[in-house]
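Taking it in order: structure first as C-alpha cells, then the write-up.
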Amino acid sequence: MEHGVEAEHFWENHYSGREQVWRGTPNALLVETVAGEPPGRALDLGCGEGGDAVWLATRGWQVTAVDISATALSRTAARAAGAGAGAGDRVTTERHDLARTFPGGTFDLVNAQYLHTPFDLPRARVLREAAHALNPGGLLLVVDHGSVLPWAWNPDADAHFPAPQDIFAELDLDPAHWRPERLDRPNRQATGPAGETATATDTVVAVRRLTGSVPA
C-alpha cells in the first residue's frame, strides 16, 4: 500500500472505529497561551474531532481545521455547527496529508497539538512551513508529548523525546524574523480515553513572528 494511503487508512480507522475518540475540550496549553491574543485567523494542524478549533471559533477566531481523516473533519464540522456563538460559520475544514500538502493562506495563530504519527512525517519541514505562514506578530504553538502515557498507541518506554530547544533549532528560523517565546517542559494531570489518569510531561515550543518581518 502506498505510504500516503496507508497513513490515511490508519487515521480514518482510528476515528471511524469509535463514536468519539477525544473529550471535545480544548487543550489546556492552547487555552493558556491564547488567553492574551486578539482573535484573528487560526490554522489547527491535526485538528482531530475539533476540540481546539471549535473553542477558538467560539472566541471569535476564523479557523482552518486540518486533518488527514475525513471522519475527524466531519466531526469537527458537526461540533462547530452545534457549538453556537457563530462557530459553525468560523470553522473551515480541509483534508491534508501534511507529508504531501500544506494549507494555503496566512494566519495569526498556528496550533499544532501532539502532531505525532506512526508514519514518516517531515515534521521540521511542516512546522517550518507553519512558521512561514504566520502573519507578522503571529504565533506558532507546538505542543508535543514529552513522556509515554499508559494508553498511548505507541507505549515505548524507551521513546526519545526531543528537548524544546532542539525542536526550535530544527525549524532553522531566522532570528531577525522569529523569536521563541516559550521553550518548556511542564507537567500536567492527564485523563485517558477510559477515564484513567496519569502525570504527563508536555514539550512546548511557542514562536512569534516579529512584527517587522514580511510574510513569505
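The values are calculated or read from the model by the stated rules, or taken from the named source; none is laboratory data. From a predicted model like this one, the values you see are computed outputs, not experimental measurements. Using ideal geometry, Cβ is built from the backbone for each residue, glycine included, and neighbour counts are taken over all protein chains shown.
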If you go through Thr92, Thr58, Thr76, Thr71, the only one that is within 27 Å of Arg209 (Cβ to Cβ) and either in contact with an Asp or Glu (Cβ under 8 Å, 6 or more places away or on another chain) or free of Cβ contacts under 8 Å to residues at least 24 places away in the same chain (or both) is Thr76
Exactly one of Pro162, Pro175 is under 19 Å from the mean Cα position of the chain (by Cα), part of a loop (DSSP other than H, G, I, E, B) and on the phi < 0 side of the Ramachandran plot, and that residue is Pro162
Contact list, first residue from region 186-202 and farther than 12 Å from Ala152 by Cα, second anywhere and modelled with pLDDT of 90 or more and among the aliphatic types (A, V, I, L, M), beta-carbon distance below 6 Å, six or more apart or interchain, is Asp202/Val143
Taking region 93-125 and the residues there that are surrounded by 13 or more Cβ atoms within 10 Å (Cβ to Cβ) and among the basic types (Lys, Arg), the one that is farthest from Ala53 (Cα to Cα) would be Arg125
| Does region 196-204 contain at least one residue that is aliphatic (A, V, I, L, M), surrounded by 16 or more Cβ atoms within 10 Å (Cβ to Cβ), under 16 Å from the mean Cα position of the chain (by Cα) and at pLDDT 85 or above? | yes
Q) Just a yes or no: is a residue in region 139-147 of a type outside the set (Lys, Arg), in a loop (DSSP other than H, G, I, E, B) and either within 21 Å of Gly105 (Cα to Cα) or at pLDDT below 95 (or both)? A) yes
Taking region 185-209 and keeping residues in a strand (DSSP E or B) and farther than 12 Å from Val142 by Cα leaves Asn187, Arg188, Gln189, Ala190, Thr191, Thr197, Ala198, Thr199, Ala200, Thr201, Arg209
Condition set outside any strand (DSSP E or B) and within 20 Å of Glu129 (Cα to Cα), scope region 49-80, selection modelled with the lowest pLDDT: answer is Ile68
